[in-house]
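Note sheet for the following structure.
The values are calculated or read from the model by the stated rules, or taken from the named source; none is laboratory data. All values derive from a computational prediction rather than experimental measurement. A quick note on method: Cβ atoms are made from the backbone with ideal geometry, for glycine too, and the neighbour counts reach across all protein chains shown.
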């Protein structure tokens with residue numbers, strides 16, 4: 001049995017969960033999410049705990065068991081506390097700023113790159129710490145938007161200039177070496 005799949009999910013106070021077969025609707029202080037899960041996986045709620053179960057040990061059911069539980073847990077965490085992804089940038093003359101809700105990135109190109117946040121996503125820029133925060137209640141969308149921000153100027157391996165996730169280790173390469181005079 002899946003170790004992750006058999007763990008019950010605690011529903012915090014202020015979060016409402018509505019189950020209709022394999023359709024789950026979660027509502028909390030940060031927002032509302034709805035998702036249709038596979039009918040092969042059973043989802044039940046008792047008191048303030050959600051349990052995920054499977055009917056057999058078929059390979060596709062085993063694969064869905066832990067995934068379903070993890071996605072449900074992320075939905076509940078998202079609507080109660082939310083998620084954030086922090087990016088940092090390095091480079092001389094590189095900067096980021098907010099223009100209303102729009103993120104404006106000056107990353108060494110001739111024109112600044114602008115990014116409009118999708119619904120329910122917010123940006124926050126700290127120029128002194130050289131950080132960009134991507135915040136929202138849907139973990140998948142937060143990760144996707146953070147990835148798109150990073151793609152504007154990925155960190156290069158020689159000087160380390162560019163945008164990277166907080167704590168990300170980018171392998172540095174040695175530059176060219178002189179061979180001496182002939």
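When residue 156 is tested against (1) touching a residue at least 12 places away in the same chain (Cβ under 8 Å); (2) surrounded by 13 or more Cβ atoms within 10 Å (Cβ to Cβ); (3) outside any strand (DSSP E or B), only condition (1) is not met. Annotation note: Cβ proximity below 6 Å between a residue of region 46-72 that is closer than 19 Å to residue 14 by Cα and a residue that is surrounded by 18 or more Cβ atoms within 10 Å (Cβ to Cβ) (sequence gap 6+ or interchain) occurs for 48/11; 50/9; 72/9.
Just name the residue that is farthest from residue 168 (Cα to Cα) out of those in region 98-107 that are touching a residue at least 12 places away in the same chain (Cβ under 8 Å) and surrounded by 13 or more Cβ atoms within 10 Å (Cβ to Cβ). It would help to see each step written out before you state the result.
The first filter runs over region 98-107 and keeps only residues touching a residue at least 12 places away in the same chain (Cβ under 8 Å), leaving 98-99, 101-103, 105-107.
Those left that are additionally surrounded by 13 or more Cβ atoms within 10 Å (Cβ to Cβ): 98, 103, 105-107.
Details: 98: 24, 103: 22, 105: 20, 106: 21, 107: 19 Å.
Checking each candidate, the answer is 98.
Among the residues making up region 24-57, those that are more than 22 Å from the chain's Cα centre (by Cα), in a strand (DSSP E or B) and surrounded by fewer than 13 Cβ atoms within 10 Å (Cβ to Cβ) are 44, 46, 49.
Identify, from the list 61, 88, 18, the residue that is farther than 30 Å from residue 154 by Cα and either loosely packed, with under 13 Cβ neighbours inside 10 Å or at pLDDT 95 or above (or both). Working first, answer last.
Values: 61 fails: either loosely packed, with under 13 Cβ neighbours inside 10 Å or at pLDDT 95 or above (or both); 88 fails: farther than 30 Å from residue 154 by Cα.
Criteria check complete, one pass: 18.
Is it the case, given these coordinates, that residue 176 is farther than 26 Å from residue 34 by Cα, within 23 Å of the chain's Cα centre (by Cα) and surrounded by fewer than 18 Cβ atoms within 10 Å (Cβ to Cβ)? No.
To keep it simple, each residue is scored yes or no on (1) closer than 30 Å to residue 14 by Cα; (2) in contact with a helix residue (DSSP H, G or I) (Cβ under 8 Å, 6 or more places away or on another chain).
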residue	(1), (2)
82	yes, no
96	no, no
108	no, no
114	no, no
138	yes, yes
